[in-house]
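This report concerns only the one structure given below.
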Amino acid sequence: MFDRVLAETAPAPAAHTATSVFWLHHGTRLAGGDTTYLNHYVLVRSGGSFGACAFEPGEVDPAVCAEASGRPLADLMRTGPLPLRLAALDACLARSLPHRDDPRAEAVPLPAGTPERRALARDAAVAGLLDLAPGAKVALIGVVNPLVAAIRDRGGECLPCDRNLRATRWGDPVTPDMDEVLDAADAVVATGMTLGNGTFDEILRRCRRRGTPLVVYAQSGAAAAREFLGSGVTALSAEPFPFSQFSAEPTVLYRYRAEQGA
């Protein structure tokens, strides 16, 4: 996809620069929970659009902010750590077609309020993209507890998978092995971080082969994931920066369904 975007959108990636590149590290513990989520993001702003990608500790050094700011998007897409390349790609695609201007997108407002209120609304919107039979098994690759609850509220059996968590808030075991849940799933929900850690290609291949519906919930690579709608990705929740956890004011996420844009 990097090669295609560099070729098809020329000269935009070369002409458009990364006005600013920034690095975020934050922790979140929702009220009533015992899990502290630790997240790292690298973000690229170009014009009026942002690209983002989460990454594991140590993958991207904060020095990237000084090194990459002001450089052409094309340069950032070609070299460097995969999360930075993905964030630059995401910014390029979001600049070409902002989510707010995409006729396929359904804008879903998230309410003002506490982190808990906003997380519940966000994850209910993500789970609303699933069309589940009662008891259907849903692989959740990238675990947040409100999304586990939202899948159960829709009648699904959640199969949680995460590299960093070992149990949900309710004590359910979380496997680090995505093969285990992909083989058993009737549907898959995967975080956009899979684009930046190299696992997305395998998830997409397996879902295509088995005909398994694949929903992507993306803060990372929201515009990049949109490129796969109707080509393995069944639905997408795209949440461009600023993400819901960084604001107490109303924000918007955008839902896509493949049947509307295949």
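The values are calculated or read from the model by the stated rules, or taken from the named source; none is laboratory data. Owing to the predicted nature of the structure, the values given are computational and were not obtained by experimental measurement. Positions of Cβ are generated from backbone atoms using ideal geometry, with glycine treated the same way; all protein chains shown enter the neighbour counts. Calculation scope for accessible area: heavy atoms of the full protein, side chains included, ligands and nucleic acids excluded. Shrake-Rupley method; radii C 1.70, N 1.55, O 1.52, S 1.80 Å.
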*asked:* If I filter segment 154-161 for residues that are open to solvent by 50 Å² or more (accessible area, probe 1.4 Å) and either of a type in the set (D, E, K, R) or out of contact with any Phe, Trp or Tyr (no Cβ under 9 Å at 6 or more places or on another chain) (or both), do I get at least one hit?
replied: yes
_I'm trying to understand the selection: among the residues of segment 43-60, which are at positive phi and touching a residue at least 24 places away in the same chain (Cβ under 8 Å)?_
47
_Filter result for residue 129 (within 21 Å of residue 26 (Cα to Cα), in contact with a Lys or Arg (Cβ under 9 Å, 6 or more places away or on another chain) and open to solvent by less than 50 Å² (accessible area, probe 1.4 Å))_ = no
*Considering only residues of segment 239-257 that are in contact with a Pro (Cβ under 9 Å, 6 or more places away or on another chain) and under 23 Å from residue 199 (Cβ atoms), which is least open to solvent (accessible area, probe 1.4 Å)?*
253
*Among the residues of segment 105-118, how many are over 17 Å from the mean Cα position of the chain (by Cα) and open to solvent by 60 Å² or more (accessible area, probe 1.4 Å)?*
4
*Could you grab the pairs with beta carbons closer than 6 Å, sequence gap of 6+ or different chains, first residue in segment 167-195 and of a type in the set (Asp, Glu), second one at pLDDT 95 or above and surrounded by fewer than 23 Cβ atoms within 10 Å (Cβ to Cβ)?*
186/136; 186/137
*Where in segment 182-238 are the strands (runs of 3 or more DSSP E), entirely inside, with at least 2 residues that are of a type in the set (Phe, Trp, Tyr), out of contact with any helix residue (DSSP H, G or I) (no Cβ under 7 Å at 6 or more places or on another chain) and surrounded by fewer than 24 Cβ atoms within 10 Å (Cβ to Cβ)?*
none
*asked:* Please verify whether residue 15 is closer than 22 Å to residue 97 by Cα and buried (at least 18 other Cβ atoms within 10 Å of the Cβ), treating the condition exactly as stated.
replied: no
